[in-house]
Amino acid sequence: MSDQSIDPALYPAALNNKLERFYGTLDGLSFPEVEVFDSAASGFRMRAEFRIWHEDGVAHYAMNRPGEKRPYVISEFPIAGQLIGELMTPLLASINASTTLSRKLFSLEFLTTLSGEALITLIYHRPVDEQWQLAAKALEAEHSIMVIGRSRKQKTVLTRDYVTECLTVDGVQYHYQQIESGFTQPNAKVNEKMLSWASGCCKSIDDVASGDLVELYCGNGNFTAVLAQHFKSVLATEISKISVRSAQTNFALNDVNNVTVVRMSSEEFTQALNGERPFRRLKDIDLNSYGFSTIFVDPPRAGLDEGTLQLAQRFDNILYISCNPETLRANLDSLTETHDIVRSAIFDQFPWTHHLESGVLLKRRTL
C-alpha cells in the first residue's frame, strides 16, 4: 500500500457504498434507519503485521497482494495509527544497523494503543539467544517500546507481552489489557463508538435494571466492562484461556465486580442452561439464581449456530454485534420470527475494505 492508494476525499462515497450494501443485505426485513459510525480515513489502525523482505543485505517492510507469492516493499502504511507511523522508519533503521536483530528476521508485528504504548514482536527463522536479548533491550530503550522475540517453539518476552489501552466511552475512561497473541479491535476510535452504541442500547431497555445479562464470546471483556453497569449481574462465556484471564484482569482494572466469566463454548452453555448435562466449570455457579433479561452475542464470521439461535430467542432482548452481514441476515431470518429489530447500526472498523461491523438490538414481540 502506498500513500497514493488512499484518497481521503473518496472515503464518504466508500462508506456510503457499504451502507447501501448493508441495506441490500437486510432487504425484506423490517428495521429502523441504520445508524452510521464512520472512521478516520487514515491513521486508524492500532495493529499491523508486516513481512520482512531482505534485499541486498537490507531488511524492508513488505506485504503480499492476493494471489502473488513475491511480496512488494513498502515504506509507508497510511492506515496505520500515529504511533506505528512514527516508529516504522527509525525502528527498521535500528534493526538494519544490527546484524543480531536483522538476521533471518521474517516478520514484524506492531501492537499500539491510544494511550501511547507500543509492543513490537520480531519473528525469526532462527532461535533468539542471549546476544539477541541484549540487542533487543537496547532497541527497547532507544525507541521507548516493548519487544518480544519469537521463533519456532520459542517466545522471549523482555518487558511484558501486553499493552494497556485506555478507551473513552461516554466520557468515562476504561482500561484494557491487550495481550500480544489475543484478539483486539484494531480500530480503537471506532471501537469506542461501538461500545457507546451498545451501552446506549442496554440503557434503553425498559426492564434492564431488574434483569441480568448473559454474554457469549466475551473475549477480553471489551464490551462486558462497559455493559455491566446496566445490569444486576452478568454471566459471560469465552472459550480461550488467554482471553478469559485477560477479561478477569480488565474487570479488576475497571472496578467491575458483577461479572462472572466461564470458559465454555456457546454450545456448551446452551446445554448447561437446558440442563442437558452438568459441567464442572459451573459447579460454583447456580444458573437458576440468574434472572436473565438480555443476551449479548458477538460471534465469529460464521454467525450463530442453530442451537445458539434457539437459546437467544428465549431472552426478551437480544443485542447482536456482527462482523459478517451475510451471516447476520441469515440469523435475523430466525430471530425475527419472535423478535423485532428496534435499533440497527454499522461501524466502519475496516475502511477501504469490504469488511463491515454492524449491530442490531431486538426485543421480543408482544401480542
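The values are calculated or read from the model by the stated rules, or taken from the named source; none is laboratory data. None of these values were measured; they are calculated from a predicted model. Cβ: placed from backbone, ideal geometry, glycine included. Neighbour counts: every protein chain shown. Heavy atoms of the whole protein, side chains included, go into the accessibility calculation; ligands, DNA and RNA do not. Shrake-Rupley method; radii C 1.70, N 1.55, O 1.52, S 1.80 Å.
Using alpha carbons only, how many degrees (0 to 90, rounded to 10) separate the axis of helix 11-25 from the longest principal axis of the chain?
40 degrees
Can you sort HIS230, HIS339, HIS60 by solvent-accessible area, 1.4 Å probe, largest first?
HIS60, HIS230, HIS339
Is there a quick way to get the dipole size of the chain? I mean about its Cα centre, with the Cβ of Lys and Arg at +1 and of Asp and Glu at -1; what is the value in debye to the nearest 20?
1100 debye
Nearest 5 is fine: what % of DSSP beta bridges in the stretch 65-170 come out antiparallel, could you say?
Restricted to the stretch 65-170, the bridges split so that about 70 percent are antiparallel.
Kindly provide the trypsin sites (Lys or Arg not before Pro) of the stretch 262-341 that DSSP labels as loop, not H, G, I, E or B, and whose Cβ sees at most 11 other Cβ atoms within 10 Å.
Passing sites in the stretch 262-341 are LYS283, ARG301.
Between 0 and 90 degrees, rounded to the nearest ten: what's the tilt of helix 241-253 against the longest Cα principal axis of the chain?
Taking Cα atoms only, the helix is inclined about 80 degrees.
Run the 1.4 Å probe and let me know the accessible area of ILE84, rounded to the nearest 10 Å².
Accessible area of ILE84: about 0 Å².
Which whole-number percent gives the relative contact order of the chain, counting Cα pairs below 8 Å spaced six or more residues apart?
Rounded, it is 15 percent for the chain.
For the chain, give me the percentage of DSSP beta bridges that are antiparallel, rounded to the nearest 5 percent.
The antiparallel fraction comes to roughly 65 percent.
For LYS203, go through the lysines and keep the ones whose alpha-carbon is under 23 Å away, minus same-chain ones fewer than eight residues off.
LYS189, LYS193, LYS232, LYS363
What number comes out for the charge environment of GLU276, summing +1 per Lys or Arg and -1 per Asp or Glu over other residues with Cβ under 12 Å away?
My count for the surroundings of GLU276 gives -1.
Only one of the listed values, (1) 37; (2) 47; (3) 51, was derived from the coordinates as percent of Cα pairs over 33 Å apart; which label is it?
The value matching this structure is (1).
HN-Hα J couplings of the stretch 124-130 from phi, Karplus 6.51/-1.76/1.60, θ = phi - 60°, integer Hz, Gly and Pro as x?
These are the phi-based 3J(HN,Hα) values: 10, 9, 6, x, 9, 10, 5 Hz.
List the relative contact order of the stretch 47-163 as a percent without decimals, with contacts defined as Cα pairs under 8 Å and 6+ residues apart.
So the answer I get is 21 percent.
Mean-square fluctuation check for the chain, GNM, Cα pairs under 10 Å: which of ALA136, ALA198, ALA93 is largest?
Of ALA136, ALA198, ALA93, the most mobile in the Gaussian network model is ALA93.
Rolling a 1.4 angstrom probe over the protein chains, ignoring ligands and nucleic acids, what is the accessible area of ASP56 in square angstrom, nearest 10?
Rounded to the nearest 10, that gives 150 Å².
Does the stretch 56-160 classify as rounded, prolate or oblate by the C-alpha gyration tensor (a ≥ b ≥ c root eigenvalues; a/c under 1.5 gives rounded; else a/b over b/c gives prolate, otherwise oblate)?
oblate
Suppose accessible area is computed on protein heavy atoms with a 1.4 Å probe; arrange LYS203, LYS241, LYS69, LYS155 from highest to lowest.
Largest accessible area first, the residues go LYS69, LYS203, LYS241, LYS155.
Determine the sum of side-chain charges near HIS339: Lys and Arg each +1, Asp and Glu each -1, restricted to other residues whose C-beta is under 14 angstrom from that of HIS339.
Neighbourhood net charge equals +1.
Which whole-Hz couplings ³J(HN,Hα) result when phi for each residue of the stretch 326-340 is put into the Karplus expression 6.51 cos²θ - 1.76 cosθ + 1.60, θ = phi - 60°, listed in order with x for Gly and Pro?
5, 6, 4, 4, 4, 5, 5, 4, 7, 5, 7, 5, 10, 10, 10
Taking loop as defined by DSSP and a crowding limit of 12 other beta carbons within 10 Å, which GluC sites (Glu not before Pro) in the stretch 322-367 fit?
The qualifying sites are GLU337.
Any idea of the accessible area per residue across the stretch 192-308, 1.4 Å probe, to the nearest Å²?
With all protein chains present, the stretch 192-308 gives 44 Å² per residue.
If DNA, RNA and ligands are ignored and the probe is 1.4 Å, what is the ranking of ILE239, ILE95 by accessible area, most exposed first?
If we order ILE239, ILE95 from most to least accessible, we get ILE239, ILE95.
Given axes a ≥ b ≥ c from the Cα gyration tensor, I'd like to know whether the stretch 212-367 is rounded (a/c under 1.5), prolate (a/b larger than b/c) or oblate.
Note, shape of the stretch 212-367 comes out oblate.
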